Amino acid sequence: MEESPSVQPGKPAPSLAEWKKRVKSEYMRLRQLKRFRKAEEVKLLFMSNRRKIKGRTDLLNEEWSKLRCAVSPPVCTLTVPRHLPVSEQQCVVEFGFPAFQSQTTAMRTLSTVAGIPFMYSWSPLQQNFMVEDETFLHNIPYMGDEVLEQDEAFLEELIDNYDGVHGDQEGGFINDEIFKELVESLSQHSDHEEEEAGRGDEEGCMEREEEEKEEEGVRKTEDCCANKKVPDDKIFTAIASMFPYKGTTEELKEKYKDLLEPPSPVKLPPLCTPNMDGPFAKSVQREQSLHSFHTLFCRRCFKYDCFLHPFHATPNMYKRKSKEICMETEPCGLDCFLLQAAPVSGARKRCPLSPTRQGGAEGLLVLLTGKSCVTVEGNSRCQTPTKMRPVSDAGEEPEGEWSGAEESLFRVLHGTYYNNFCSIARLIGTKTCRQVYDFAVKEALIHRVPVEDGGISPQKKKRKHRRVLNNSSNQVYNYQPCDHPEHPCDSSCPCVMTQNFCEKFCQCDSACQNRFPGCRCKTQCNTKQCPCYLAVRECDPDLCVTCGAAEHWDSKTVSCKNCSIQRGLKKHLLLAPSDVAGWGTFIKEAVQKNEFISEYCGELISQDEADRRGRIYDKYMSSFLFNLNNDFVVDATRKGNKIRFANHSVNPNCYAKVVMVNGDHRIGIFAKRAIQQGEELFFDYRYSQADALKYVGIEREIDVM
């Protein structure tokens, strides 16, 4: 029995290992070629600069040669203090010009000046800054030659705690330029192998190819060019195995396709919408227009691209208690949409209408709002569409041409202003309220504004303080807003599981049993009689309305004393050499007991990252790590404020306290006793006895009062 060979005789196809060798060799060749190119560019630029400098020097020398140098007496004579010791050595100052004589004077030794304490560079911050974990060690820290010689195991253990050292991995660096050149270089090897493997087939099928070339020559040429643009998958597989951090095979293939495309000046990312005020504006839905706002805007600190909350809170779907939008009760002009005759059969007639205006503006107002009251609620997203007749049917004013920007802007504004077409028209600026009304009818966006639920007013609701945090508990977890609209907050709620109160950023109902109600104090909120102070929280301006936490934001004078961190009411601190160790923090003004001094700010890092950094800080015998909660640590080594220089003492004049401030844990430094002006600040680092002797060798002297 004879079997036809499936593989043509010749050189076998290379395996993945061989392709990896090719990738490595080509990569090294391209890197070396790039270094040569860069060195040549530097050399050319250096020679060009030298030529420019030489030309400028020759020009200046020519100008100076025309000037006559006149000898002038010295302008001033330097006098050396007599108390300095005179050395036998002489100091000679010579000039390059022959007209000036050299000067000689005796050298005098300066007295010893005490140097300032050693300090590492740091960046000033006024609030915490969250950073990502550094899983790769950027560099091997230098801790002295004795550490390298005597404690080699420490460096090995340090490297084991990381995923590796930056730049140590094989093929750890590859940019887009080298990647494109690498693929093109490897594709040439692939083309040569395919030509060698298919020579036998080409000889047998020569006649058929000649006929196809005559019939479909143009199509085959285009297909050949397309095949050359995207090489075989085995090339991308080999590159992905050598550079795993660049992506998978499919990702590298798509990246190569993107690099082949010419750059377009107006090309936008997939989720990006053209500028509404630009020439390329499009008519898009409300969600697409507000995509950047919902993605980048933080609803907890009201900032774009917030660096403190990586997980932004979702928009609150519940109605506000306060009124926001007032419906227009009177027509805005002679052409107002309220003047058109609208049917009122479907309107809710809760209030009697004026007999002279039942079919006019007030009838339309009742139909739009569902009630004759003038105030509407503007924060709910659930509306019931109502069929209405366009104004243009009456034949009074035809609808104008709407651009894409105007249509998108209308959809954005309608989610807030609903049927208040007069206000929407004023904000658009290019359309009348009748045209806006006609477009709303065309878009089927006439919604009946939801009516507020009746019942007990917020002022009459009474709620007890159901739960108070236990100050003795050391288990403090980071707060994340809960979002489970299907069921109320129970044992499965993340806030309940972490023993946190539900905050105003949560998506649960405002009457949730786990919500902190705030305080009803009328004093300074600085004793345990205040529920907020007892729960180690600052008063919330949105909840505590009677203590003054929401008043006088433009002044430092406020009746509530439990809102200093969020207002930034810190004291003036000074930095100077300490009598204990290194630098110290001194206070410029006197403070009273339990008064807020400053917030301890720095980088917000995870507990795992703090363990990795702490190993290095322990070797340096200097650490600025401060536990915030069970999830995060504040590290003021690289970024921080002046309170980071406050030293440790077993008899401190300050104390640190972790306080919940509007959903965020923050570290406040408070006065433990009355502190006089100019005193150095100390607080207890809570070192063990051995660590205290290791890190703090000198204890400050206590003044007897």
Hypothetical label at D163: residues of region 114-138 whose amide nitrogen lies under 14 Å (7 Å Cα-Cβ projection): 132-138
Exceeding the 20 Å Cα-Cα cut-off - candidates K528/K588; K561/K642; K255/K282; K556/K593; K282/K303: K528/K588; K561/K642; K255/K282; K282/K303
Radius of gyration, Dmax [region 630-671; alpha carbons; angstrom]: 11.8, 32
Mean Cβ neighbour count within 10 Å, used as a protection proxy, ranking 31-37, 527-533 highest first: 527-533, 31-37
Neighbour-count order for F307, F516, fewest beta carbons within 10 angstrom listed first: F307, F516
Residue order, fewest to most surrounding Cβ atoms within 10 angstrom, among V183, V42, V661: V42, V661, V183
Shape call, region 510-623: gyration tensor on alpha carbons, a/c limit 1.5: oblate
Inverse mean reciprocal Cα-Cα distance (Kirkwood Rh) of region 564-695, Å: 15.3 Å
R0 of 22 Å, Cβ-Cβ distance T430-E330: FRET efficiency to nearest 0.05: 0.45
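Each reported figure results from applying straightforward, stated rules to the coordinates on display, with no laboratory input. What you see is a predicted model, and the numbers here were worked out from it, not measured in a lab. Here the Cβ is made from the backbone with ideal geometry for all residues, glycine too, and neighbour counts use every protein chain on show.
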